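Shown next, in structure tokens, is the structure this report addresses.
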Amino acid sequence: MNLILFGPPAAGKGTQAKRLVAERGMVHLSTGDMLRAARTSGSELGKRVAAIMDAGSLVSDDVVIDLIEERLAEAEAAGGAIFDGFPRTVAQAEALDQMLTRRGQGIDRVVRLKVDDEALLSRIAKRFEAEGRADDNPESFKTRLAAYNTQTAPLLPFYRGQGKLMEVDGMAPVEAVAKSIDAALQEEAA
Ligand code: AMP
């Protein structure tokens, strides 16, 4: 199964992806994690994207599409991928469809974690204090939220139109969200 965990930054996608990986043995493909790893390694790519990430803007589609493509064989061998933070634009979603189609696969489910902006802001303020991630500062976070609303949210009708979208209340406690996701994965997409 190929699953997209969809939602704004700090919606809880990473937490839920890690649990699903542990329980189902799928591969977690987080472009944010891949880009942060590139920065830590000091690679050219890492240097190129650092300022864009810290400002809270999106890096170019080509960069993240390539990162994902490099990992698709591994995901296929493991029985599926959990895409987290990708796709974030219509161009990325179209590229993902094409890459999977070439491999005789597709996206099976898109689970949207719904969390209101106020809750996101309070979560991120706490995370900034605890972890000090540069792009969690209030200014960058505003940019990230705006990028989500203008560039990523338009994917919702794209996946709804394909009959793959399911919505889950992401404001509930972590365990309750996990249960809702599991239930959603059992159901037929709306
Ligand atoms: P995340 O950890 O998913 O919130 O990603 C952190 C940052 O990495 C984002 O704010 C972007 O700068 C960059 N990034 C991650 N995934 C993507 C993507 N799919 N498209 C463009 N930029 C991305």
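The values are calculated or read from the model by the stated rules, or taken from the named source; none is laboratory data. Because the structure is a prediction, the values reported are computed rather than measured. A quick note on method: Cβ atoms are made from the backbone with ideal geometry, for glycine too, and the neighbour counts reach across all protein chains shown. Only protein heavy atoms, including side chains, enter the accessible area calculation; ligands, DNA and RNA are left aside. Shrake-Rupley method; radii C 1.70, N 1.55, O 1.52, S 1.80 Å.
If only one of Lys164, Lys179, Lys114, Lys142 is free of Cβ contacts under 8 Å to residues at least 12 places away in the same chain and not hydrophobic (A, V, I, L, M, F, W, C), which one is it? Spell out the reasoning first.
On the way: Lys164 fails: free of Cβ contacts under 8 Å to residues at least 12 places away in the same chain; Lys114 fails: free of Cβ contacts under 8 Å to residues at least 12 places away in the same chain; Lys142 fails: free of Cβ contacts under 8 Å to residues at least 12 places away in the same chain.
Within the list Lys164, Lys179, Lys114, Lys142, the selection yields Lys179.
Quick one: is Leu67 hydrophobic (A, V, I, L, M, F, W, C) and touching a Lys or Arg at 6+ places or on another chain (Cβ under 9 Å)?
Details: hydrophobic (A, V, I, L, M, F, W, C): yes; touching a Lys or Arg at 6+ places or on another chain (Cβ under 9 Å): no.
When the stated conditions are applied, Leu67 does not pass them.
Six or more apart or on different chains, Cβ under 8 Å: which pairs go from a residue in region 50-62 that's touching a residue at least 12 places away in the same chain (Cβ under 8 Å) to one that's among the acidic types (Asp, Glu) and within 7 Å of the ligand (Cβ to nearest atom)? Could you list them?
Once the first residue is touching a residue at least 12 places away in the same chain (Cβ under 8 Å) and sits in region 50-62, its partners that are among the acidic types (Asp, Glu) and within 7 Å of the ligand (Cβ to nearest atom) give Met53/Asp135; Asp54/Asp135; Ala55/Asp135; Gly56/Asp135.
Looking at (1) assigned to a helix (DSSP H, G or I); (2) within 11 Å of the ligand (Cβ to nearest atom), find the lone condition where Thr101 falls short.
Exception for Thr101: condition (2).
Listed here are the residues, each with its yes/no results for (1) under 10 Å from the mean Cα position of the chain (by Cα); (2) farther than 15 Å from Arg144 by Cβ; (3) surrounded by fewer than 17 Cβ atoms within 10 Å (Cβ to Cβ).
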| residue | (1), (2), (3) |
| --- | --- |
| Ile4 | yes, yes, no |
| Ala11 | yes, no, no |
| Gln16 | no, yes, no |
| Gly25 | no, yes, yes |
| Thr31 | yes, no, no |
| Gly42 | no, yes, yes |
| Arg48 | no, yes, yes |
| Leu58 | no, no, no |
| Val63 | no, yes, no |
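Only one of Glu94, Glu139, Glu76 is part of a helix (DSSP H, G or I) and away from the ligand (no atom under 15 Å from the Cβ). Can you tell me which?
Glu76
Is it fair to say Ile68 is open to solvent by less than 10 Å² (accessible area, probe 1.4 Å), free of Cβ contacts under 8 Å to residues at least 40 places away in the same chain and in a helix (DSSP H, G or I)? Steps first, please.
Working: open to solvent by less than 10 Å² (accessible area, probe 1.4 Å): yes; free of Cβ contacts under 8 Å to residues at least 40 places away in the same chain: yes; in a helix (DSSP H, G or I): yes.
So Ile68 fits the description; yes.
Each row is one residue, and each column tells you yes or no for (1) closer than 16 Å to Gly14 by Cβ; (2) without any contact (Cβ under 8 Å) to a residue 40 or more places away in the chain; (3) open to solvent by less than 40 Å² (accessible area, probe 1.4 Å).
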site	(1), (2), (3)
Asp84	yes, no, yes
Ala95	no, yes, yes
Gln98	no, yes, no
Ile107	no, no, yes
Val110	no, no, yes
Ala125	no, yes, no
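Would you please name the residue that is farthest from the ligand (Cβ to nearest atom), looking only at residues in region 15-31 that are in contact with a helix residue (DSSP H, G or I) (Cβ under 8 Å, 6 or more places away or on another chain) and not in a strand (DSSP E or B)? Reasoning before the result, please.
Quick first cut of region 15-31, residues in contact with a helix residue (DSSP H, G or I) (Cβ under 8 Å, 6 or more places away or on another chain) only: 15-16, 19-20, 25-31.
In the following step, the residues that additionally are not in a strand (DSSP E or B) were identified as 15-16, 19-20, 25-26, 31.
Working: Thr15: 12, Gln16: 13, Arg19: 17, Leu20: 16, Gly25: 22, Met26: 18, Thr31: 3 Å.
Out of the qualifying residues, it is Gly25.
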